[in-house]
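Here is the structure we will look at, set down as C-alpha cells.
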Amino acid sequence: MTAATEVDRLVATHGSEPPALMDIARDIQAAEGCVSPERQRQIAERLDMRIAEVRAFVGFYSFLTEEPQGSIVIRLCDDVVDRMKGFDRVRDAFEEALGVSVGETTPDGAITLTTTPCIGLSDQAPAALIGDVPVPFLSSDRARDIVSSLRVHADPTRLVTRMGDGKNRHPLVRSMVRNNLERPGTFIFGPEYRGEAIRKALSMTPFEVIRTIKTARLRGRGGAGFPTGMKWEFTRVARGARKFIVCNADEGEPGTFKDRVILTELPDRVIAGMTVAGYALGAREGLFYLRGEYAYLRPYLEDVLERRRADGLLGRDILGKRGFDFDVEIRMGAGSYLCGEETALLNSCEGRPGDARDRPPFPAESGYLGFPTSVNNVETLCCVAKILEHGAATFAELGLQQSTGTKVLSVSGDCTRPGIYEVPFGTTLEAVLEMSGGEGAGAVLVGGPSGTWVNPEGFGRRIAFEDLATGGAIVVFGPDRDLLVALEGYADFFAEESCGYCTPCRVGTQLIQRYLQRFREGRADQGDLDGLLRVARTLKTTSRCGLGQTAGNPVLTTLQSFSQVLEAGLPAVGTRRAAFDLEASVAGARALRGGDHV
Amino acid sequence: MSDRVTFMLDGHRIEAYRSQTIMDAAIEAGVYIPRLCHVPGLDPWGSCRVCTVKVNGRPCAACIQPAMDGATVENDTDELNAWRRELVEMLFVGGNHFCMSCEKSGNCELQAMAYRLGVTAPTHPYLAPERDVDASHPDIMLDHNRCILCARCVRTSRDLDGKQVFGFVYRGAERRIAVDPGVRLKDSEADVTDRALDACPVGALLRKRQGFQVPVGGRAYDHEPIGATDGEAEGAPDGASDGESLEPAASAGREAS
C-alpha cells in the first residue's frame, strides 16, 4: 500500500472533480513512473469515480502507464519523416548504449526506451522526447552521448546544450528546438499590437464581432475548414448557464508543427483570439488544451497568462469593460492523436478517455461538461486577433473566394529548407516546393496521412479548401522513396491511435496493416488489392469519427495518384498466391516437436 | 414547432417524435434495421455501425441519428447491405469466433447477422488476436475472444442492474471489456442473475454449466433470420423480413467460424 497522502495533496492542488484527473495522473506518473492499481483506487475514491473509469483513463493515454516505467522515459519519434531521416540508426544506437530494446526498461529501472508518433519536430528529425525535453537532430553519436550523460546526471533538462532560436531561448522555455521560420508572412507573423484586438472587439457589440469574423469568411485552420463565424454564432445563441472557449493546441497530424512555432513566438496573439471569442460568445471561461508532447512550453504559457492578467487583458473587467470577465486555464494531453478531434478533446478535459462523441449534439450546443462550447484551432484564434486588428476586408483580400487569408504550412521531408511557411491561400504546391527546396519531388503528402498524396502531375494544384485542403502538413518525398514503406508507416500510426470504439476503425486499421504487409512481402494478389480497397472504403463510409473516416485515405489516394505502388508486381487477374508462408508458419510447431518431419 | 416529424424510409412514410432516433422510429413502425450494439431500452451506443443507413445520401448510424423532418433514409439497399457485410466480417476476423464449439451458436446475434447478410466465409485475413478468458467467477465466464465490444453488458449492468460491473480499458486493437473494481470478474459484484449476462449478443458472457441445453432446431435463429420478428410487426413494409440469403438452419456454425 502506498500512502494516500500524496493523492490528497494532488487533489488539494488540482481539484476533487473528474476534470482534475489528468493533472493528478500526470503528476503521479512523473513522480512514480506509473499510475499503479493502488493509486487508481485512491484517485477513484477521492474523485468519486469508479475504479474502472480511472483505469480506462490511464489505459487510454500513451503517456500514462499501469506498469512501472524508468525514472526517465526516452520516446523516439518513429514518424515516417523520422524513418526517412535515420530513425533506424538512432534507435539501434540507443538500444545498444542502453542494452535494452524498444519497449523495455534498463535493469536498474533508470531508463525506459519507447517510441511515439509525430512529436511536432518533423523539420528537425530524427527527434525524441526525453522526459519532457524535446531533443531534435538526433544521430547515433548523439544518442550514445545522451545515454552516457543521463547515466551521470539523470537529468533530461541538462541535455540542453545549444538552445534554438527566438523564444526557444526564453528562460522558461530553454529548448534546443528551432523555429525554422523560413517564411513568416506579413499577416499571422506580422507585428504585435498588444491589447489592440480586444480593444477593437470591445468597441463593438458581440454580434458585430461575430459578423466581422463572418465578413472575413474565416474558416477553421485545423483542417476541416468549418466557418468560424458560424460555429461562434451557434455557440452564442445556444442556451447554457456557462459557456466555454477551447483552444485546440493538440496538433498531432503527422508532419504538422506550425502550432508549436505559433505557441512559441505568438502566444499572446492566440490568447487574444480566445479573449475576443469569449466576448463575442458570452463565455467567461477558456480552456487551453496543450498536447502532452508540448509540455515543455507549459511554464512559459502559464507566464504569458499571468502577465496578461497583470496587464488587465485577462481576469475581471478586462480593459476596464465592466462585466467582461474572461480567464484561461491550461489543460494537458498525454499522448493521443485522437484528442485533436474536438469531441475527444472535450472528453479528455472532463477526465475521460479521449474517444470521440457522437454528433449531434455538437459542442456548440453541448460541449465541455454539457455547456455550449466553441473549440478553435491555435492558428484560427491567431487569425481572429489579426482580423480584429486589421479589419475583415484586409483579411478577405488575401487568398481565394472560399479560402480567405493566409495558411501556415509545416514543410518537411526531402527538401533543403524544411520549416514554417506562411503563404496566401491559393499558392500552388509547386511554389511551396520551390520555396522549401523540394523541387524534383516524386510525391507530396498534403495534409498528413489523413490528407492527399499528390504526384508530380498535380504539383500545379493549390493549397485551398477549393482544392487541396490541409491543416498545414506538407511532407515531401524524393523520387527514390519507396511509398509502400511510407504507407505502412501511416497504417501503423492509425492502428496505434484508433480508440477502438467502433468496428470499422478498430478492425479496419489493423486489416490495412495486414494487407500492406502482404504487398511488401510480395505475397499479394488481386484479391488482396480488392480486400484492401473494401476495407479503406468501409472505414471512410461507416466510421464514427474523423480518424476512422480518414484512416483509409493514404491507401485510397495512393491508388488514385500512385497506383503502381500497389499494382506493380501483382500476378495476373485470377492468379492466387499463398497468403502466408507455410514453412514459416509451422516453424514454431516444428520446434516444439523437435523434429523436421511434419 | 410540431413535436412530430415524418421521414421516408426505403419509400415508406415513418412518423417519429422530434429527437427520436431513426432506429427507434423504425422499430416502432415495425421496420427492421440490422443492428448489433443497439437494444431498445438501453442508451444508444453507436459502436458496431451495422445499422449504417443513408440519410439524404449521407451515411450515418441509425441508432444515434435523430429523425429529421422530410429526410429520405435508405436502409435495405444492396449498397448498405454490402457495407454491413464488411462490418460483420470485420467482427469475425477481429476476434476469435469458433461457432462450431460455441455454446451460443444458434442463439448468437453475430452469427445470425452473418447468415442474414449472406456472409459465408470471411474474405479478409484473420487477425487472430491473443485474448484472455476470465473464468474466475464461480458462475460466470467472460471470454474476450468472442467479445464484439458492443457495450450491451456495460449499459445493462449500469442502467438495469444498477451495478456498473463492466467498463472498457485500453485503446485500438487492445480495447477490451474491464470489470470494476480490479481485473477479475470474481472480485466484482457480478451475479449469475444479472440481466447483463442476457444482454450479451455473442458468447462472451456465459453462465457456467448451462451450455448446449437447447437442441438444434429449438434455438432462436434456427428457423427465422435475425430481425424477422421486427418485420412481422403490424404495418411492416414488404420485404423487411426477407431472408433469401439464409442457409438451412442445420448448417449454422459451419461457415462463419
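Between residue A:34 and residue A:154, residue separation times 0.36 nm minus the direct Cα-Cα distance comes to 41.4 nm. Note on segment B:119-170: percent of Cα-Cα distances in each 10 Å bin, starting at 0 and stopping at the bin with the largest distance, equals 19, 42, 27, 12, 0. Since only B:221, A:381, A:318 are under comparison, the one whose Cα sits farthest along the positive direction of the charge dipole of the protein assembly as shown, derived from C-beta charges on Lys, Arg, Asp and Glu, is A:318.
Taking only the C-alpha atoms of segment A:2-60, Rg followed by Dmax gives 9.8, 26 Å. For residue A:164, the residues 5 or more places off, or on other chains, whose built amide H falls under 5 Å of its own are A:175, A:176, A:177.
Applying a threshold of 28 Å to the alpha-carbon distances of A:214/A:243; A:243/B:54; A:540/B:163 flags A:243/B:54; A:540/B:163 as lying beyond it. Remark on residue A:427: its backbone amide H falls under 5 Å from those of A:463, a criterion applied only to residues 5 or more positions apart or on other chains, H modelled at 1.01 Å from N. Taking 4.7 Å between beta carbons as the limit, the unpaired Cys residues of chain B are B:51, B:60, B:63, B:99, B:102, B:108, B:147, B:153, B:200. Given R0 = 45 Å, the distance between the Cβ atoms of residue A:517 and residue A:108 translates into a calculated FRET efficiency of 0.80. The largest-to-smallest principal axis extents of the Cα set in segment B:4-76 are 26, 23, 18 Å. With a 10 Å cut-off around each Cβ of B:117-128, the average count of Cβ atoms from other chains is 3. Divided by 2.2 N^0.38 Å, where N counts the residues, the Cα radius of gyration of segment A:406-477 comes to 0.92. Full extension of the segment from residue B:130 to residue B:8, taken as 0.36 nm per residue of separation minus the current Cα-Cα distance, would add 39.5 nm. For a 24 Å ceiling on Cα separation, which of these pairs sit above it: A:231/A:407; A:386/A:407; A:167/A:200? Among A:231/A:407; A:386/A:407; A:167/A:200, the Cα-Cα distance tops 24 Å for A:167/A:200. In loop segments of segment A:207-290 as defined by DSSP, the trypsin sites (Lys or Arg not before Pro) with at most 12 further C-beta atoms inside 10 Å of their C-beta are A:239.
Cα centroids of segment B:63-113 and segment A:432-472: how far apart, whole angstrom? So the separation of the two Cα centres works out to 38 Å. Only helices enter this figure: runs of n ≥ 4 DSSP H residues, each worth -39500 (n - 2.57), summed and divided by the residues of chain A, yield -12500 deg cm²/dmol at 222 nm to the nearest 500. For segment A:29-116, applying the loop criterion from DSSP together with a ceiling of 16 other beta carbons within 10 Å to the GluC sites (Glu not before Pro) yields A:66, A:104. Expressed per residue, the C-alpha convex hull volume of chain A stands at 169 Å³. Entry note, segment B:4-76: relative contact order of 40 percent, from Cα contacts under 8 Å with a spacing of 6+ residues. Relative to the Cα centre, the charge distribution of the protein assembly as shown, modelled as +1 at Lys and Arg Cβ and -1 at Asp and Glu Cβ, gives a dipole magnitude of about 1620 debye. Taken along the Cα-to-beta-carbon direction at a fixed 7 Å, the label points for residue B:69 and residue A:88 span 6.3 nm. In segment B:22-130, one over the average inverse separation of all distinct C-alpha pairs is 14.9 Å, which is the Kirkwood hydrodynamic radius. Qualifying trypsin sites (Lys or Arg not before Pro) in segment B:142-210, where qualification requires a DSSP coil assignment and no more than 14 other C-beta atoms within 10 Å, comprise B:184, B:208, B:209.
Approximating the spin labels as points 7 Å out from Cα along Cα→Cβ, the residue A:533-to-residue A:322 distance works out to 7.0 nm.
Run through all the Cα pairs of segment A:72-162 and give the fraction in each 5 Å bin from 0, expressed as whole percent. The calculated distribution, bin by bin, is 3, 16, 29, 29, 17, 5, 1. Calculate the FRET efficiency for residue A:568 and residue B:101 from the Cβ-Cβ distance with a Förster distance of 51 Å, rounded to the nearest 0.05. About 0.75, to the nearest 0.05. Residue by residue along B:91-99, Cβ atoms of other protein chains within 10 Å of the local Cβ number 2 on average. Bridgeable aspartates and glutamates around residue A:85 (alpha carbons under 16 Å apart, same-chain partners fewer than 8 residues away excluded): A:123, A:141, A:414, A:480, A:482. When the helices of chain B are scored as -39500 (n - 2.57) per DSSP H run of n ≥ 4 and the total is divided over every residue, the value at 222 nm lands at -5500 deg cm²/dmol. With R₀ fixed at 45 Å, the C-beta to C-beta distance from residue A:8 to residue A:575 puts the FRET efficiency at about 0.10. Across segment A:172-320, the fraction of Cα-Cα pairs farther apart than 19 Å, rounded to a whole number, is 57%. Taking the DSSP bridge list for the protein assembly as shown and keeping only pairs wholly inside it, about 60 percent are antiparallel. Net charge in the neighbourhood of residue B:144 (other residues with Cβ under 11 Å of its Cβ; Lys, Arg +1, Asp, Glu -1) is -1. Of the residues A:81, A:173, the one with the fewest other Cβ atoms within 10 Å heads the list, and the complete ranking is A:173, A:81. Each Cα pair of segment A:483-567 feeds into the Kirkwood radius, which the Stokes-Einstein equation turns, at 25 °C and 0.890 mPa s, into a diffusion coefficient of 198 µm²/s. Using only alpha carbons, segment A:378-534 has a radius of gyration to Kirkwood radius ratio (Rg to Rh) of 1.05.
Quick note: the coordinates plus some simple rules give every number you see, no bench work behind them. On a predicted model such as this, the values are computed, not experimentally measured, just so you know. We place every Cβ from the backbone using ideal geometry, glycine too, and count neighbours over all the protein chains shown.
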